[in-house]
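Here is the structure we will look at, set down as structure tokens.
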Amino acid sequence: MLKEEEIIELLTKQNLSESERGKLLEELRSNPDLIGFDRIVRTLTDLAKDEHVDTDLLSEYVLFLNGDKSNESKLTLLIPGIEKHLQSCSKCREEFEFLSSELNEVDNFLSKNIGVEEKPETVKTKGPNIFRLFENFNAKYSYAAAASIMIMFLSLFAISEFSTPDYVKLSSNHSYDDFSSTRGRTSVHFMNAVTALENKNYNSAISELQKDIESSSDDLTTFYSYYVLGITHLTKAHSDFVGLFDSYNKKELSAAIDNFNRSLELNNTGLFKNVNSNTYFFLGKSYLLEEKFDSAKKYLSQAIDNESEYSQEAKELLSSIK
């Protein structure tokens, strides 16, 4: 096995004999700690023959000049040959200038629109002896793609902000699926439903709550299973596209409304008024998302009048109705 000093000496030697080159390549390919060095040898050979510099290598060189030192120790072996080649090859020089320009455009775009000034980080290799020079992205396409994606995302964000009603945005900002402290009932099915909700497994929670209702329809607190079932359908109704364009499934909203109304019907003893006041809020919100504004105003107002724990959110939703 060749020592590192011998490998460096062969890599930097101007004119390798065929036997030296074969020996070096065999060593590089058989030693896992030297993965990537064979690419360097081929690159040095190509440069010596005045062949064009690979675009990936030029990308690495541009990143290196702009402050990325992740591959400095190995890339320096190639820099003299690259610079010499760029002086005499107009095609590679044009490619180099294009890549540099693309990097600057992306940096400027990110600085102006996102406030990020740092250069894009390259992929870092693992382990002290592993060098993968060509593992980083192809800047010629990646810089332009990054800028295009960013522009598209900002455009979608602007469209989403403009097209989404305020009450939908407000509704989407509120989450009500934290049931870690919910102990309204102690039946097995209800407790299974709470566990499923904590794991955001809404389908399983719905199934367990329905079983709980079927097996205990005469219980005094069955209304609470309907209440939680309504919240589960309301939570499950929400969807979005990459965090934009919030929408709500009408079937799930309808199921939520049915369960909230059933909860109000059963919770008529006067012992659990706080649950009813919260139910008014969720009913109002569900109707609002269905764009049934009169019903929404009615129940949101009742939530406020009955001092629901969601009174502040009810006020915000009411103010969003035009």
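Rule-based calculations on the coordinates, nothing more; no lab input. Bear in mind that the values here come from a model prediction, so they are computed numbers and not experimental data.
For a bin width of 5 Å, list the pair-distance distribution of the stretch 214-322 built from all Cα-Cα distances, rounded to whole %.
Final binned percentages: 2, 14, 22, 23, 20, 11, 6, 2, 1.
Between their Cα atoms, which of Lys200/Lys298; Lys211/Lys315; Lys211/Lys292; Lys211/Lys236; Lys236/Lys273 are more than 28 Å away from each other?
Too far apart for the 28 Å limit: Lys200/Lys298; Lys211/Lys315; Lys211/Lys292.
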